[in-house]
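What follows is a short report on a single structure.
The values are calculated or read from the model by the stated rules, or taken from the named source; none is laboratory data. For clarity, every value in this text was computed on a predicted model and none was experimentally measured. Here the Cβ positions follow ideal geometry from the backbone for every residue, glycine too, while neighbour counts run over all protein chains shown.
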Amino acid sequence: MNTITGGIISFCVFTIFFIYGSLKLTHLIDKYNPQISEIEEKSFYDQTDKLSLSDIGFNFAVAVEGYIDKELKIDPRYVKFMARIVTVREGLNYETILPFDYCTK
């Protein structure tokens, strides 16, 4: 059902949205109040930098568990874990398979 009151309210809402949208579009076009962050890193790492994680005692753990039941999902029919290091030396790819243990509580 169409009423005069509903039409006036709809027109007011449309007008407010149109004015707000026009204002924001103008801000977007004029680049009003941009927030630009720039960080310049003077010292960075490249391929010649080496780090041995075993020398610094670095360990990490990964587990696949259910969100609700919090049980580990280690069914070998569906999940296969593999840890490896892939390196490139003189244009050749080398792969090293790493030993690992399953996470426990």
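Which of the following residues is touching a Lys or Arg at 6+ places or on another chain (Cβ under 7 Å) and not charged (D, E, K, R): 98, 28? None of the other options fit; the residue is 98. As for region 28-41, it holds no residue that is surrounded by 10 or more Cβ atoms within 10 Å (Cβ to Cβ), over 27 Å from the mean Cα position of the chain (by Cα) and of a type in the set (Val, Ile, Thr). Count of region 78-105 residues, restricted to those that are modelled with pLDDT of 85 or more and basic (Lys, Arg), is 1. None of 25, 51, 72 is within 27 Å of residue 97 (Cα to Cα) and either touching a helix residue (DSSP H, G or I) at 6+ places or on another chain (Cβ under 6 Å) or surrounded by 10 or more Cβ atoms within 10 Å (Cβ to Cβ) (or both) except 72.
For region 18-38, the criterion of being aromatic (Phe, Trp, Tyr), in contact with a strand residue (DSSP E or B) (Cβ under 6 Å, 6 or more places away or on another chain) and at pLDDT 85 or above is met by no residue. For region 75-105, a tally of residues being in contact with a Leu (Cβ under 7 Å, 6 or more places away or on another chain) and of a type in the set (Gly, Ala, Ser) returns 1.
Against the test of being of a type in the set (S, T, N, Q) and within 17 Å of residue 101 (Cα to Cα), the options 59, 33 yield a single qualifying residue, 59. Picking from residues in region 62-105 that are in a loop (DSSP other than H, G, I, E, B) and either within 19 Å of residue 48 (Cα to Cα) or aromatic (Phe, Trp, Tyr) (or both), the one that is farthest from the chain's Cα centre (by Cα) is 90.
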